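Novice: The following block contains the structure, expressed as structure tokens.
We did not get these values from a lab; they are worked out from the coordinates using the rules stated. Keep in mind it's a predicted model, so treat the numbers as computed, not measured. Cβ atoms come from the backbone with ideal geometry, glycine included; neighbour counts cover every protein chain shown.
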Amino acid sequence: MKLHTHDEGAPCRNMENLLQGVADGSVRGVKKAYALWHASQCHHCGNFLIRLRLTLDALRSSRERETSAESMERLKSKIRELSPH
């Protein structure tokens, strides 16, 4: 699916929730197939799905980096608490 930069409108109202489910993986089967077909035919919905996927990928990527750093800091803090003074 190709992003059409000249066509950045909102997705079809009845498709928005379905496309969100496709992007986050909670919609499967026939509903997913229909949503993907619709997004391939409708520039607004296709672009919406692409933007959702890119946003979710960026959030997952940043969360993994932050979580790792936060996890290490919490681990170090716990070790300091357990160490005799």
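Novice: May I ask for the Kirkwood hydrodynamic radius of region 16-82, worked out over all distinct Cα pairs and given in angstroms to one decimal? Provide the component values of the computation, followed by the final result.
Specialist: Details: mean 1/r = 0.0713 Å⁻¹.
When all Cα pairs of region 16-82 are included, the Kirkwood radius is 14.0 Å.
Novice: Whole-Hz ³J(HN,Hα) for each residue in region 37-43, computed from phi via Karplus 6.51 cos²θ - 1.76 cosθ + 1.60 with θ = phi - 60°, x for glycine and proline: what do you get?
Specialist: Running phi through 6.51 cos²θ - 1.76 cosθ + 1.60 with θ = phi - 60° gives 4, 4, 5, 6, 9, 10, 4 Hz.
Novice: Please report, in debye to the nearest 20, how large the charge dipole of region 16-82 is about its Cα centre when each Lys and Arg carries +1 at its beta carbon and each Asp and Glu carries -1 there. Don't skip to the end; give the middle numbers.
Specialist: Details: 12 positive and 8 negative charges, 30 e Å.
About 140 debye.
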